[in-house]
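Computed from the coordinates by the stated procedures, all read-outs in this text should not be read as laboratory data. The model shown is predicted, which means the values in this text are computed figures rather than measured ones. Glycine gets a Cβ as well: all are built from the backbone with ideal geometry, and neighbour counts include every protein chain shown.
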Ligand code: UDP
């Protein structure tokens, strides 16, 4: 099978590359390396079944040719990370909305029969106060002048694009809402919490908790996430649906800091920072976020196999160079 992975040099994309290369597929990666890195895919670059294009879908002339021969598309390319979003919101719009539109246009133009996963995010649930976030829930988002939310708005636009092309052109689109994916190759510099805590605990620097640390998240190991996406993209029943993807164990950021510190056997102090200091502006954080995974399970039978402790230990070993 021919697989196109946009953002394939990035964190989740590169794990999908590994998975499909292992299955013996032909994999094409399209990545502009804005947040992705060649080091994530360099172990495949000499393989005859692997092709890498360094390009942005916003303005890439070869896109039509490339999409015409693919069987599966994972559209993972996106500008991510709260810090990035606050610093360059216009890049986020180009990288997230324009790119998706060009991809869908190119697929529609060649009457593609490929199955397409569009990566959206749990951010679109916004200030939902349900205990579990379900795909049928209303979305609770703030006014558009809150730049922190720019990413969520672009992901919603991607979802609408996906549905429009599904209904109007019959593209076999599946929207996935990814919940806090963690694991190897996730960069601390975009502000995500677990790589930050691992780096801090490993170096003995203070572990920085933003706000009061009572906010909760549900973390899923990227190896589980990619297996779930791989299974989902093959399910016809998933076309035209939104599907939450992640793990449903909820943990507070305070507990996460303690867990990392303890598993790293670290002497790092735990330091609280207000959001103003952390992000250069004040914002209302999401208080809790936990996915309802009923639909994912119904469609794929998949559940997460790796615990948060497994992921933390794995990342600590990588950080020690083992
Ligand atoms: N966070 C933190 N310390 C850090 C980085 C993040 O306390 O060094 C907090 C952040 O404010 C948020 C949570 O951890 O409440 C998860 O942050 P992340 O950016 O990883 O994901 P998201 O907010 O998108 O769920």
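For a footprinting-style exposure proxy, rank 304, 120 by other Cβ within 10 Å, fewest first.
Working: 304 23, 120 26.
The order, fewest Cβ neighbours first, is 304, 120.
Please give the calculated 222 nm ellipticity per residue for the chain, where each DSSP H segment of at least 4 residues contributes -39500 (n - 2.57) and the sum is spread over every residue; nearest 500 deg cm²/dmol?
Taken over the chain, the calculation gives -10500 deg cm²/dmol.
Counting only DSSP beta bridges with both residues in the stretch 175-257, the antiparallel share comes to about 35 percent.
Note on residue 98 and residue 131: their simple-model spin labels are 4.5 nm apart, each label 7 Å out from Cα toward Cβ. In this calculation the C-beta distance from residue 138 to residue 284 is compared with R0 = 25 Å, giving a FRET efficiency of 0.85. For the stretch 159-246, pairs of C-alpha atoms spaced more than 18 angstrom apart make up 58 percent of the total.
In summary, the convex hull built on the alpha carbon positions of the stretch 1-143 has an orientation-averaged projected area of 10.1 nm². Seen through its C-alpha gyration tensor, with square-root eigenvalues sorted a ≥ b ≥ c, the stretch 218-322 comes out oblate because a/c lies at 1.5 or above while a/b is not bigger than b/c. Our Cα-only numbers for the stretch 230-288 put the radius of gyration and Dmax at 18.3, 50 Å.
The separation of the stretch 271-287 from the stretch 51-75, counted between C-alpha centres, amounts to 38 Å. Quick check on the chain: take the gyration tensor over C-alpha atoms, sort the square-rooted eigenvalues as a ≥ b ≥ c, and tell me if it's rounded (a/c under 1.5), prolate or oblate. Prolate, since a/c reaches 1.5 and a/b exceeds b/c.
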